[in-house]
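Worksheet: the structure to be examined is printed underneath.
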Amino acid sequence: MTAIVGLAQDGRVYLGGDSAGVAGYSLTVRTDAKVFTNGLYAMGFTTSFRMGQLLRYAFQPPRPKGDLSRFMVTTFVDALRTCLKDGGWAKKNADQEEAGTFLVGVHGQLFTIHDDYQVAEPADLYAAVGCGHELATGALFATAGTDMKPRRRIRVALEAAEHASAGVRGPFSYVRK
């Protein structure tokens, strides 16, 4: 389950995440954060703690160069696919690879990597993933244009998701890059 929230502002990317580990009707509050930094990148994951562990500890993301959007779609995703395959986590169904969903911030830009390795860059400069994403995105929309600082906006979004989603729980963790 989960709520991971990202916001790009003033040349930085801010991420926040909850601590819920959900399996069926069971919920465990976990100490291993869903948001973290890895080299030049800030990352926040949903889908699988195993995928998150690989992203955090095994993935050696390449250094960005050239057009950042193009780099993310090609070089970054190629390295990601290799890491997830080597870690035994990537899935293959009808000759199509599948992974999980997570947010990535680098050089002040925010991206969503979807489970089909599609790379999205939000025009609104914010995004959320996980079962609480709609609630969190609504809170980010409602706080846009206010004088709220980025971390406060992310906290409000996470609190909205926690309030109305059974799969989202604090404590919340935060990173910025």
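Please treat every number below as a calculation from the coordinates, not as lab data. The structure displayed is predicted, hence computed values, not measured ones. Backbone-built Cβ (ideal geometry, glycine too); neighbour counts: all protein chains shown.
By the scheme Lys and Arg +1, Asp and Glu -1, what is the net charge of all other residues having a beta-carbon under 15 Å from that of P171?
Values: positive: R30, K34, R151, R155, R169; negative: D18, D32, E159, E162.
Its environment carries a net charge of +1.
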Just to confirm a number: summing +1 for Lys and Arg and -1 for Asp and Glu over residues other than K34 whose beta-carbon lies under 10 angstrom from that of K34, what do you get? 0
When the dipole is taken about the Cα centre of the stretch 36-130, and only Lys, Arg (+1) and Asp, Glu (-1) are charged at their Cβ, what size is it in debye, to the nearest 20? 340 debye
For K177, go through the lysines and keep the ones whose alpha-carbon is under 21 Å away, minus same-chain ones fewer than eight residues off. K34, K65, K149
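What does the charge count around Y117 come to, taking other residues whose C-beta lies under 11 Å from its C-beta (Lys +1, Arg +1, Asp -1, Glu -1)?
Working: positive: R81; negative: D78, E97, E98, D115, D116.
Around Y117, the charge tally is -4.
Return the calculated 222 nm mean residue ellipticity for the chain, to the nearest 500 deg cm²/dmol, obtained by summing -39500 (n - 2.57) across DSSP H runs with n ≥ 4 and dividing by the residue count.
Per the formula, -7000 deg cm²/dmol.
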Those aspartates and glutamates that a straight Cα-Cα span of less than 19 Å connects to K92, excepting residues fewer than 8 apart in one chain: D78, D115, D116
Taking Cα extents along the principal axes in Å as the quantity of interest, determine which of (i) 46, 41, 26; (ii) 53, 34, 26; (iii) 41, 41, 27 was computed from the displayed structure. (iii)
What whole number of Å gives the distance from the Cα centroid of the stretch 128-155 to the Cα centroid of the stretch 35-112? 23 Å
Sorted from largest down, what three extents in whole angstroms do the Cα atoms of the stretch 112-177 have along their principal axes? 32, 29, 22
Can you list residues whose amide H is under 5 Å from V13's amide H, if they're 5+ apart or on another chain and H is modeled 1.01 Å from N? G108, K177
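When the dipole is taken about the Cα centre of the chain, and only Lys, Arg (+1) and Asp, Glu (-1) are charged at their Cβ, what size is it in debye, to the nearest 20? Don't jump to the answer; show the numbers that get you there.
Values: 20 positive and 17 negative charges, 126 e Å.
About 600 debye.
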Along the dipole axis of the chain (charges at Cβ: +1 for Lys and Arg, -1 for Asp and Glu; origin at the Cα centre), the most positive-end residue among P122, T146, G167 is T146
